[in-house]
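Written out below as structure tokens is the structure these notes cover.
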Amino acid sequence: MAHRSRKLKAKSSKPNQPHADATPDIPPKPLEKKQQGSWLSSTLAIAILSSSVGLVIAFTWISIVLIWNPEQASWVNKFLPAWAKLPLSSNEPPQTLPQIQSQLSQQKRVAGETIPLNEGDNSFLLPVFQQIPYCQSDCQEVVELRVYQLSQDLEFQSQPEKYYRLATQFPITGLEESLEDSTAERQDTNTVLPLSEVKRFEKDAPSPGVWFYVRGQRQEKTNAIAYGYIVYYNPARTNLQQMLTWKSPGGQLPKWQEVTGGGAKELVIDQTVGLEPQLSVYQVKSVKLYLNPIQLEAIDLNPPALKDSAFQNALLIARSGLWTPAFEWLKFIQKQHKKTLPATAKAQIDLIRLHSQLTKTQAAKIWASPSQQVLAELIDGRWGKALKVFEASPQNVQEVAILLKADQGRLWNRTVAALQVNPDRPEVIAWGALILAVQQGEERANSWLKTQPKISTATLTYIQGLLKRLNADAV
């Protein structure tokens, strides 16, 4: 019994002593954490794989370019330290300027005058010319633009002469004659017009970078028509870019000037013909392209930048050539929308203002010829003043009749546009009737007069009197 009681006692005391092999309970990890870790691992693996594939493709592309056309990959050196730069021009060692000129001469080409690209002589643009066959004057044409940079090789830096490497080159082709002349008789010609001059814009050109014009010229009757390209050099990419083709019937060179305000300069191409002003204005705009990060964008009057009927009417008459009436209208609209006027609308107003300045100046002159005086007044929208010149003498009537007969639609378009926005203009109706009478006969003019919705009996009688005088004096 004593032995059994000792066993029971020992058994009963066991729960009060911890077991040597016992471990505390640890709760299992939540399932969400396992899934999150798995998702992060997968995403990281996919990102690494995608990056690796992208790098492989990029290096493969660069390798192909380096094999077939290493000069196109010159931009890679911009991101490499000096010791790691790629020997892109290893097949053509650095040369002095006389050596470059001699090499071009052996290729039957001529090196033009160098144009510095910075304040020192570390880089320059070199126009390359070739002889025009069967030519009697101005017998060299531009065929290529090259950019040379001072060699950074130590073995050449120690030389007394300066050695240069070819950084980039850009071929230049002449312009097709149809681009420069829109007359019907020249549309079927395939003549290529040569370019004979390369100049840097020294004043007002925007920076960074360097702007050039490549120019040619041809004579047509009494006009020396200028034409060519605008070229931009991007020093950050060592790249030449052709920005646009230009022409000027009056032989005017492109120029940079501030048109829209804010300090930025715009490129202005003067395409004026006679007394008809025509200015193309281009703004420098950024684009998301590596080699060509900017472009020239023309200020266009169509479509109107404001959904406002008065603004749209003003642009309608501006497109017809009535620059000053349009601008006077727009000045009032601009005051109303001073704080909400978008930049595109302001640019359209500034383009119209630029044209109005020219037409105002022309109309303010005293012209020796009555017909020129009438033309200048009509172009500026001074309908009443033009009528006074017309009525001043029988000689004036004859001269103006010849002017109206030769009109190819410019004066008629102005008349139609002016009446479209304001049909209650007796002096405008009078010029419409005079144009029709000269070009299509008095009967046609009278028929047109009857269709005018706002014409009064007094106005009709007055204009019919002008038509009779036209027939009597314009013999």
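Quick look at the values:
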{"read-out": "Some residue of region 432-444 being closer than 26 Å to residue 310 by Cα, in the same structural domain as residue 315 (by TED's automatic domain parsing) and touching a helix residue (DSSP H, G or I) at 6+ places or on another chain (Cβ under 8 Å)", "value": "yes"}
{"read-out": "Cβ pairs under 7 Å, 6+ apart, first in region 233-248 and touching a residue at least 12 places away in the same chain (Cβ under 8 Å), second among the small types (Gly, Ala, Ser) and part of a strand (DSSP E or B)", "value": "238/167; 246/228; 247/226; 248/226"}
{"read-out": "Residue match in region 439-459 (condition: under 29 Å from residue 369 (Cβ atoms), among the small types (Gly, Ala, Ser) and in contact (Cβ under 8 Å) with a residue 60 or more places away in the chain)", "value": "no"}
{"read-out": "Single residue of 327, 332 found to be surrounded by 15 or more Cβ atoms within 10 Å (Cβ to Cβ) and not assigned by TED's automatic domain parsing to the domain that holds residue 254", "value": "327"}
{"read-out": "Residue that is nearest to the chain's Cα centre (by Cα), among those in region 319-359 that are assigned to a helix (DSSP H, G or I) and of a type in the set (Gly, Ala, Ser)", "value": "347"}
{"read-out": "Set 242, 252: member being part of a strand (DSSP E or B) and not assigned by TED's automatic domain parsing to the domain that holds residue 131", "value": "242"}
{"read-out": "Residue list for region 139-181, filter: under 16 Å from residue 117 (Cα atoms) and of a type in the set (S, T, N, Q)", "value": "149, 151, 168, 169"}
{"read-out": "Breaking point among (1) closer than 22 Å to residue 300 by Cα; (2) free of Cβ contacts under 8 Å to residues at least 40 places away in the same chain; (3) of a type outside the set (Ser, Thr, Tyr), for residue 251", "value": "(1)"}
{"read-out": "In region 300-318, residue farthest from residue 356 (Cα to Cα) [restricted to those that are assigned to a helix (DSSP H, G or I) and out of contact with any His (no Cβ under 9 Å at 6 or more places or on another chain)]", "value": "309"}
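The values are calculated or read from the model by the stated rules, or taken from the named source; none is laboratory data. Bear in mind the structure is a predicted one, so any value in this text is a computation, not a measurement. Quick reminder, even Gly has a Cβ in these numbers, built from the backbone with ideal geometry, and neighbours come from all protein chains shown.
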